[in-house]
Amino acid sequence: MKRVAFGVSYPTELAHPIHRRLALTDGVSRMELLIWGPTANVTTLSWFDTDPETVRELLTAVGTLSAVSLVAGDDGTYAFAHQTGFEFDDDVLDLLASASVVFLPPVTFFEDGTATFEAVGETADLSDFYRQLGTLLDVRIERVHDFQRGSNPANLTTRQQSALEAAVAVGYYDVPRTGTVEAVAAELDCAKSTAGELLRKAESAVVTQFTDGSLVK
């Protein structure tokens with residue numbers, strides 16, 4: 001099986017209300033949809049690269065929102081949002097529901113109308129999904145990997161794991177090193193200091209658990 005990272009560009013009429021609001025709101029540039037459920041009536045968990053007050057204003061764009069709880073963390077804000085509908089375009093939702101692939105968190109939405117996500121499946125099913133999605137959105141394939149079963153043994157946060165993956169992608173761990181913290185920050189669309197802190201915490205977690213035997217099978 002394969003694990004494919006996709007990038008898409010949403011036309012305004014197909015974008016989620018929060019995605020549209022991102023482009024109009026100062027001080028915020030991205031939202032990461034971390035956890036969602038299989039039904040329309042669901043509590044989702046998202047992360048925004050801004051303060052709680054700005055997030056609360058952003059969430060007013062969701063007409064089906066019935067309750068929200070905000071928690072500052074990881075240089076941004078986590079949002080637990082209970083809603084009675086996803087408010088995505090029906091054609092996009094129908095495609096996601098019928099696809100013979102599964103989707104891995106996070107789904108990251110950017111202020112410029114683009115989004116990134118990963119899907120896992122057999123090559124033929126991923127190709128079919130890519131073709132069908134291309135009839136609705138401007139879509140591109142950014143990375144393709146073999147899928148490997150396994151959890152996150154170092155108990156990394158989603159942001160820390162994304163930082164490590166970005167570091168590998170830009171050559172930060174190559175020997176000799178070909179990538180920089182600045183390049184990692186560009187991949188994550190965050191400040192250099194934030195990228196550096198995420199890498200240090202992730203590396204500390206991995207090294208600590210390796211040396212105490214937690215990562216040795």
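The values are calculated or read from the model by the stated rules, or taken from the named source; none is laboratory data. If you're wondering where the values come from, they're calculated on a predicted model, not measured in any experiment. So basically every Cβ, Gly included, is an ideal-geometry build from the backbone, and we count neighbours across all protein chains shown.
The table that follows gives values for the structure above.
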item	result
Residue that is surrounded by 17 or more Cβ atoms within 10 Å (Cβ to Cβ) and touching an Asp or Glu at 6+ places or on another chain (Cβ under 7 Å), where the choices are Val55, Val8, Val107, Val92	Val8
Selected residue (criterion: nearest to His145 (Cα to Cα)) from residues of the range 1-12 that are at pLDDT 85 or above and over 15 Å from the mean Cα position of the chain (by Cα)	Lys2
Breaking point among (1) in contact with an Asp or Glu (Cβ under 6 Å, 6 or more places away or on another chain); (2) over 30 Å from Gly121 (Cα atoms); (3) of a type in the set (Lys, Arg), for Arg30	(2)
Residues satisfying the stated conditions in the range 1-32, i.e. aliphatic (A, V, I, L, M) and under 20 Å from Arg143 (Cα atoms)	Met1, Val4, Ala5, Val8
Test set (1) more than 30 Å from Phe210 (Cα to Cα); (2) surrounded by 14 or more Cβ atoms within 10 Å (Cβ to Cβ) - Ser98 fails condition number	(2)
In the range 122-153, the residues that are among the small types (Gly, Ala, Ser) and modelled with pLDDT of 90 or more	Ala124, Ser127, Gly134
Count of residues meeting criterion [within 25 Å of Glu13 (Cβ to Cβ) and surrounded by fewer than 16 Cβ atoms within 10 Å (Cβ to Cβ)] in the range 129-150	8
Every pair of residues 6+ apart whose Cβ atoms lie under 6 Å, when the first sits in the range 110-139 and is at positive phi while the second is modelled with pLDDT under 95 and assigned to a strand (DSSP E or B)	Gly113/Ser9
Pairs with Cβ under 6 Å, 6+ apart, first in the range 12-41 and loosely packed, with under 12 Cβ neighbours inside 10 Å, second at pLDDT 90 or above	Gly27/Thr50; Gly27/Thr54
Residue under evaluation Glu118, criteria (1) of a type in the set (Asp, Glu); (2) touching a strand residue (DSSP E or B) at 6+ places or on another chain (Cβ under 6 Å); (3) surrounded by fewer than 18 Cβ atoms within 10 Å (Cβ to Cβ), criterion not met	(3)
Test: Ala61 is crowded, with 17+ Cβ neighbours inside 10 Å and farther than 30 Å from His145 by Cβ	yes
